[in-house]
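See below for the structure under consideration.
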């Protein structure tokens, strides 16, 4: 009976856990929809500013700007890691940090010094636990990104890019984030953000028509001063939105797996409890039959 009571307690405990993980799965599912809508809503602005920037550079081939210029003399490379603030997301952050560490190792092999900038409490905690110095950190914005935070991140990165190594600046900026592909697939992506690599195309090049010939006032250089920071901020915001959607999808998948495992464990415990109950009943019947036989034998004597 003690074993049966213990198994019943385990079934109730696992059942309560299954209710929690099921609720978390449903919450994550609803948040994925909102995150996807946010990605879709931000896409027109991102596409238009990219189109305008590409047109400007394509029609002003000799244009020069600090954000377009390679800086081989600067050996420090910023690595922006966009992790999550929350957990219960399986290997989401582990895969992200593994890719970021691989990128940093590759940069060291090239003779560069990686400098981490981290978004999300999980990434910050990982680097702080290993006593790794962070150039900057941002918390509490991973699940619901806002453009104001992306603007702050972009401005900090641009400021450091425009500085020299001696001033604490960086010569290039990479971003490591997770892209939402589908409800079941999320892929870690590595992108170089600065210096910008804008593709220059003409009408005869493969891939479509040439960019439209915009006229910029007062000058193309002045337009670049305004467009480039906005372009960088919109790119960072888009990456944050992608990471948020991927995070919620990872939570949903992890919670669904936990719920399925809990249900399977309940079935195992239920089977064990039924077997224990059957064994107890069989033992009681055997004891009753044995007692009846003993009484019958003693009466016959």
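Against the chain, whose longest principal axis is taken from its Cα atoms, helix 2-59 shows a tilt of about 10°. Using a Gaussian network model of the chain whose springs link C-alpha atoms within less than 10 Å, name the residue from 266, 11, 281 with the highest mean-square fluctuation. Sorting by GNM fluctuation, first place goes to 281.
Going by a ≥ b ≥ c, the root eigenvalues of the Cα gyration tensor, does the range 37-187 fall in the rounded group (a/c under 1.5), the prolate group (a/b larger than b/c) or the oblate group?
On the way: a/c = 1.86, a/b = 1.15, b/c = 1.63.
Judged from the Cα gyration tensor, the range 37-187 comes out oblate (a/c at least 1.5, b/c at or above a/b).
I need the fraction of alpha carbon pairs in the chain separated by more than 36 Å, rounded to a whole percent.
Of all Cα-Cα distances in the chain, 39 percent exceed 36 Å.
Look at the alpha carbon pairs under 8 Å that are at least 6 residues apart: their mean separation over the length of the range 26-254 gives a relative contact order of 34 percent. Packing here is the average count of other Cβ atoms within 10 Å per residue, and on that basis the peptides 139-148, 103-112, highest first, run 139-148, 103-112.
Averaged over residues, the count of other Cβ atoms within 10 Å places the peptides 188-194, 67-73 in the sequence 188-194, 67-73, highest first. With both residues required to sit in the range 26-254, DSSP beta bridges show an antiparallel share near 35%.
Just want the ordering: 180, 247, from fewest to most Cβ atoms lying within 10 Å of their own Cβ.
On the way: 180 22, 247 30.
Fewest-to-most Cβ neighbours within 10 Å comes out as 180, 247.
Every number in this text was worked out from the coordinates using simple rules, so none of it is lab data. Since this is a predicted model, take the numbers as computed values, not measurements. Using ideal geometry, Cβ is built from the backbone for each residue, glycine included, and neighbour counts are taken over all protein chains shown.
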